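Here the structure comes first, spelled out in structure tokens, and everything after it is commentary.
The values are calculated or read from the model by the stated rules, or taken from the named source; none is laboratory data. Keep in mind the model is a prediction, meaning the values are calculated, not measured. Just so you know, the surface numbers come from the protein's heavy atoms only, side chains and all, with ligands and any DNA or RNA stripped out. Shrake-Rupley method; radii C 1.70, N 1.55, O 1.52, S 1.80 Å.
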Amino acid sequence: MNAQEFQNDKLHIINWITQLQDYSLIEKIKSLMPTTDISDEQKAAIDKALDSVEKNGTLDHSDVMAETRKRYPHLFK
């Protein structure tokens, strides 16, 4: 499929969606769409992590990998 066919297909789908009257089908289409919404729990976890970074700094990647290898050697075989 070339770029023009791709664009035409997208426009055809957009036109078809704008004419839909079936609520359940619209809901199915919406479920296919990616979401950027995050839960309050996820927001709280992110805020907690950012606070920790501000207060405690971060660890060097090589230090983290060394500790991971030590704790979980079976993952590095």
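Quick notes
- ASP37 being of a type in the set (Asp, Glu) and not in a helix (DSSP H, G or I): yes
- Residues that are assigned to a helix (DSSP H, G or I) and open to solvent by 100 Å² or more (accessible area, probe 1.4 Å), drawn from the stretch 8-34: LEU11, HIS12, TRP16, TYR23, LYS28, LYS30, LEU32
- LYS48 assigned to a helix (DSSP H, G or I) and either modelled with pLDDT of 95 or more or among the hydroxyl-bearing types (Ser, Thr, Tyr) (or both): yes
- Residues of the stretch 35-50 satisfying the condition of being within 12 Å of the chain's Cα centre (by Cα) and β-branched (Val, Ile, Thr): THR35, THR36, ILE38
- Inside the stretch 35-68, residues that are charged (D, E, K, R) and open to solvent by 100 Å² or more (accessible area, probe 1.4 Å) make up a count of 6.
- Counting only residues that are not hydroxyl-bearing (Ser, Thr, Tyr) and not in a helix (DSSP H, G or I), the stretch 51-71 holds 3 of them.
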